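The values are calculated or read from the model by the stated rules, or taken from the named source; none is laboratory data. Quick caveat: nothing in here was measured; it's all calculated off a predicted structure. Glycine gets a Cβ as well: all are built from the backbone with ideal geometry, and neighbour counts include every protein chain shown.
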Amino acid sequence: MAGRIRDEDVQAVRSALPIDAVVGDYVQLTNGGGGEYKGVCPFHDEKSASFYVNPAKGVFHCFGCQENGDTIAFLMKIEHFTFAEAVERMAAQAGITLRYEEGGYSPRHQQGERTRLVEAHKVAAAWYQEQLASPEAEIGRRFLAERGFDEEAAKTFGVGYAPAGWEHLVRFLRGRGFTDKEILVGGLASQGQRGGLIDRFRGRLVWPIRDIAGEVVGFGARRLREDDNGPKYLNTPETPIYKKSHVLYGIDLAKKEIAKSGRAVVVEGYTDVMACHLAGVTSAVATCGTAFAEDHIKIIRRLLMDTSQYRGETVFTFDGDAAGQKAALRAFEDDQKFAAKTSIAVSPGGMDPCELRLAQGDEAVRQLIDNPVPLFEFALTSVVGRHRVDTPEGRSAALEEAAPIVAKIKDRSIQHEYAVRLAGMLGILDEQFVVRRISQLARWDRERQQNPRGAAAQRRPEPVQPPRPAQPAFRLNPRDPAQFVERELLKLALQHPDLVSPAFDHYGEDEFPTPPYTAVRQAIAKAGGAAYGATLPDFTAAVREAAPDDQVRSLVTELTVEPVRSRRKVDAVYAGSFLVQLRHLAVERRIAEVRAYLQRLGPRADAEQLHAVQTELWQLQQYDQQLRSRGAAAL
């Protein structure tokens with residue numbers, strides 16, 4: 001058991017690092033008056049800065065969620081450290097040697113687990129970097145050179161090389177005093193078939209992944225050889241110090257520029273981050289083997305001081321191909337979680353920042369980032385572009401898909417402007433028809449959020465109904481035809497994601513009305529969607545990780561191992577039939593809801609409201625007919 005850190009050493013650590021310097025690694029702080037600093041609280045979501053730091057007293061306090069404490073308490077809360085781990089982190093930054101009671105000074109045996117794992121990664125990163133100069137690493141150096149990165153660039157970003165042998169790193173770390181358990185738990189090695197440890201990364205270029213404070217917590221490794229049967233990019237698995245949803249590659253280098261400029265640039269890969277930084281766009285970051293998600297948003301919001309009073313900008317860059325457009329539309333789904341302006345930069349030739357820098361130079365990269373398109377505009381252009389708007393049917397289908405996007409815009413004035421713009425894009429002369437339709441959808445969406453069990457909007461309140469008796473726990477019924485369609489499509493999404501994407505990812509949660517299946521659909525979306533899953537060797541593992549509880553995880557596993565019920569080959573035709581069936585059932589439910597609403601409106605209904613609802617009913621019926629006649633081509 002580790003000894004207790006001496007009190008005088010703890011006090012020395014507290015005195016050595018001002019609280020605003022420590023907190024400033026995580027939160028952009030501005031002058032709050034009275035010798036205090038303020039910023040966006042990292043412990044809860046808020047629209048105005050209520051998090052204050054007092055350097056003179058060495059404490060912080062949030063007036064929103066009431067979290068408070070000193071520097072050590074801050075690190076314990078934000079990094080989930082133990083007391084000893086927080087002190088050890090600060091001591092390492094301050095260059096202070098800690099002394100432990102109950103046995104004197106023996107840090108190698110007495111440091112906390114996290115400190116030991118971080119130290120192992122630091123040692124491994126330095127070793128990988130040394131290996132990049134070896135003869136074997138020529139293939140890695142050539143890979144970097146072909147992408148415009150010289151030796152100095154590799155050194156700046158700590159790029160290294162993992163030799164192709166089975167246990168080079170394992171033997172090296174053992175020689176530096178690290179135990180097999182530490183090497184394994186840290187994700188630096190895996191268990192071999194014979195029980196021994198083997199290096200996780202072999203014959204690959206390696207990028208160190210650092211947390212916001214600059215400590216190496218994981219690695220990303222790129223395949224170099226054709227005989228490497230692993231994935232193109234292999235990352236450190238989830239460990240006590242590495243959670244891929246909590247880190248952004250390059251955040252340690254970009255955080256100051258993000259806070260200073262009020263702009264964050266989100267790119268897709270490690271080489272894109274390198275290209276942007278070398279081109280002068282030093283606020284670029286990337287996710288690490290996962291889709292950009294809510295936890296990443298929180299990191300950027302804190303650095304941007306993203307509040308309703310102060311709005312920065314987040315620029316996404318994605319490849320111009322179909323996969324890149326899908327990634328951009330996924331980013332759009334998270335747009336409303338930012339107060340910041342969100343935009344997208346896609347180069348005309350579909351090149352990523354690394355390719356653009358190589359082909360046209362640093363200035364082209366800067367121009368790309370400095371001239372983005374608003375994310376709403378890009379989303380609408382992408383959706384409308386999938387339809388033939390020169391036909392009435394195409395305009396109707398495009399409106400049906402694009403209108404909910406505009407309806408999600410929270411700012412009413414911006415929503416109205418995009419509604420008018422959408423009418424122009426579709427060639428609909430009656431702009432007010434589109435404006436009314438979008439206002440209606442926005443109103444219904446607000447009412448659904450306030451009352452999830454409610455139906456369409458009504459101007460006159462319904463009579464108060466007596467409370468219904470509690471419903472029994474929901475049970476799956478495999479004999480229910482509707483549930484069978486949901487189940488079969490989820491099985492296809494988990495077992496054969498390539499067959500159902502990209503259409504599956506556009507299906508809403510409400511199209512899976514059976515609660516357990518709704519939860520699985522949510523987990524698939526949280527894991528990145530079927531299109532992203534088609535690129536992974538084990539998509540089920542990602543979905544299980546995204547599941548909210550053991551029940552959903554169990555159902556995910558069940559759907560993964562249960563055979564698909566096809567009597568013939570499981571192919572795109574079979575998958576398409578279930579995509580159509582599920583959409584058809586959803587449209588039928590919505591038609592029933594609208595008809596019931598028309599019935600409730602009665603003969604004295606407002607003419608404008610009646611026209612809008614009748615138009616929706618007509619569009620739904622037209623779409624339903626297309627599904628029946630054209631099948632998957634109508635999706």
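Show me the helices (runs of 4 or more DSSP H) found entirely inside the range 371-439 where at least 3 residues are more than 25 Å from ALA345 (Cα to Cα) and outside the structural domain of THR342 (by TED's automatic domain parsing). It would help to see each step written out before you state the result.
Working: elements: 375-384, 392-407, 412-426.
Counting at least 3 such residues, we get 392-407.
If I go through the range 271-295 residue by residue, how many of them are at pLDDT below 85 and touching an Asp or Glu at 6+ places or on another chain (Cβ under 9 Å)?
Initial filter on the range 271-295 (at pLDDT below 85): 289-295.
The next check asks that each one be touching an Asp or Glu at 6+ places or on another chain (Cβ under 9 Å); those that pass are 292-294.
Total satisfying the criteria: 3.
I'm checking my understanding of the structure. Among residues of the range 420-435 that are touching a Lys or Arg at 6+ places or on another chain (Cβ under 8 Å) and surrounded by 14 or more Cβ atoms within 10 Å (Cβ to Cβ), which one is nearest to ARG395 (Cα to Cα)?
Initially, the range 420-435 is screened for residues touching a Lys or Arg at 6+ places or on another chain (Cβ under 8 Å), giving 426-428.
Those left that are additionally surrounded by 14 or more Cβ atoms within 10 Å (Cβ to Cβ): 426, 428.
On the way: LEU426: 6, ILE428: 8 Å.
Only one residue fits best here, namely LEU426.
Among (1) over 15 Å from the mean Cα position of the chain (by Cα); (2) over 22 Å from ARG583 (Cβ atoms); (3) outside any loop (DSSP other than H, G, I, E, B), where does TYR517 come up short?
Going through (1) over 15 Å from the mean Cα position of the chain (by Cα); (2) over 22 Å from ARG583 (Cβ atoms); (3) outside any loop (DSSP other than H, G, I, E, B) one by one, TYR517 breaks only (2).
Can you pull out every residue in the range 296-319 that is hydroxyl-bearing (Ser, Thr, Tyr) and either touching a Phe, Trp or Tyr at 6+ places or on another chain (Cβ under 9 Å) or at pLDDT 80 or above (or both)? Lay out the reasoning, then the answer.
Step one: list which residues in the range 296-319 are hydroxyl-bearing (Ser, Thr, Tyr), which gives 307-308, 310, 314, 317.
Result: THR314, THR317.
Is it the case that some residue within the range 496-507 is in contact with a Gly (Cβ under 9 Å, 6 or more places away or on another chain), outside any helix (DSSP H, G or I) and closer than 25 Å to GLU588 by Cα?
Within the range 496-507 (the criterion being in contact with a Gly (Cβ under 9 Å, 6 or more places away or on another chain), outside any helix (DSSP H, G or I) and closer than 25 Å to GLU588 by Cα), the answer is yes, since at least one residue qualifies.
Here is a yes/no grid of residues against (1) out of contact with any Cys (no Cβ under 6 Å at 6 or more places or on another chain); (2) under 13 Å from PHE316 (Cβ atoms):
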position	(1), (2)
LYS256	yes, no
GLY262	yes, no
VAL266	yes, yes
ALA275	no, no
THR282	yes, no
VAL285	yes, yes
CYS288	yes, no
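Does LEU117 qualify as being at pLDDT below 95, buried (at least 17 other Cβ atoms within 10 Å of the Cβ), of a type in the set (A, V, I, L, M, F, W, C) and not in a helix (DSSP H, G or I)?
Working: at pLDDT below 95: yes; buried (at least 17 other Cβ atoms within 10 Å of the Cβ): yes; of a type in the set (A, V, I, L, M, F, W, C): yes; not in a helix (DSSP H, G or I): no.
So LEU117 does not fit the description; no.
Which residues, taken from the range 625-635, are farther than 17 Å from HIS506 by Cβ and touching a residue at least 12 places away in the same chain (Cβ under 8 Å)? Walk me through how you get there before you give the answer.
Residues of the range 625-635 farther than 17 Å from HIS506 by Cβ: 625, 628-629.
Result: ARG628, single match.
Out of ALA49, ALA56, ALA21, I need the residue that is of a type in the set (A, V, I, L, M) and without any contact (Cβ under 8 Å) to a residue 12 or more places away in the chain. Which one?
It is ALA21.
Could you please find all residues in the range 184-202 being more than 30 Å from the chain's Cα centre (by Cα) and either of a type in the set (D, E, K, R) or farther than 16 Å from LEU117 by Cβ (or both)? Show your work before the answer.
Taking the range 184-202 first, the residues more than 30 Å from the chain's Cα centre (by Cα) are 192-198.
Those that are more than 30 Å from the chain's Cα centre (by Cα) and either of a type in the set (D, E, K, R) or farther than 16 Å from LEU117 by Cβ (or both): GLY192, GLN193, ARG194, GLY195, GLY196, ILE198.
Please verify whether the range 448-465 includes one or more residues that are charged (D, E, K, R), under 35 Å from the mean Cα position of the chain (by Cα) and modelled with pLDDT of 80 or more. Spell out how you get there, then give the answer.
At the first step, the residues of the range 448-465 found to be charged (D, E, K, R) are 448, 453, 459-460, 462.
When the remaining residues are screened for being under 35 Å from the mean Cα position of the chain (by Cα), the result is 448, 453.
From the residues that got through so far, the ones that are modelled with pLDDT of 80 or more too are none.
No, the range 448-465 has no match at all.
Within the range 171-224, take every residue that is β-branched (Val, Ile, Thr) and more than 24 Å from VAL247 (Cβ to Cβ) and give me the one that is surrounded by the most Cβ atoms within 10 Å (Cβ to Cβ).
To start, the set of residues in the range 171-224 that are β-branched (Val, Ile, Thr) comprises 179, 183, 185, 198, 206, 209, 212, 216-217.
Applying the additional criterion that residues be more than 24 Å from VAL247 (Cβ to Cβ) yields 179, 198.
On the way: THR179: 12, ILE198: 17.
This residue is ILE198.
Being part of a helix (DSSP H, G or I) and surrounded by fewer than 17 Cβ atoms within 10 Å (Cβ to Cβ) is the filter; apply it to the range 561-579 and report the residue that is modelled with the lowest pLDDT.
Taking the range 561-579 as the starting set, the residues that turn out to be part of a helix (DSSP H, G or I) are 561, 572-579.
With the extra rule that they be surrounded by fewer than 17 Cβ atoms within 10 Å (Cβ to Cβ), the set shrinks to 561, 572-573, 577.
Numbers: VAL561: 82, ALA572: 89, VAL573: 90, SER577: 91.
This residue is VAL561.
Which of the following residues is among the acidic types (Asp, Glu) and under 23 Å from LYS298 (Cβ atoms): ASP199, ASP180, ASP228, ASP211? Talk me through it step by step, then tell me what you get.
Values: ASP199 fails: under 23 Å from LYS298 (Cβ atoms); ASP180 fails: under 23 Å from LYS298 (Cβ atoms); ASP228 fails: under 23 Å from LYS298 (Cβ atoms).
Sole residue among the options that is among the acidic types (Asp, Glu) and under 23 Å from LYS298 (Cβ atoms): ASP211.
How many residues does the range 507-517 hold that are buried (at least 16 other Cβ atoms within 10 Å of the Cβ) and over 12 Å from ALA493 (Cβ atoms)? Steps first, answer last, please.
Residues of the range 507-517 buried (at least 16 other Cβ atoms within 10 Å of the Cβ): 507, 511-512, 514, 516-517.
Restricting the remaining residues to those that are over 12 Å from ALA493 (Cβ atoms) gives 511, 514, 516.
So the count comes out to 3.
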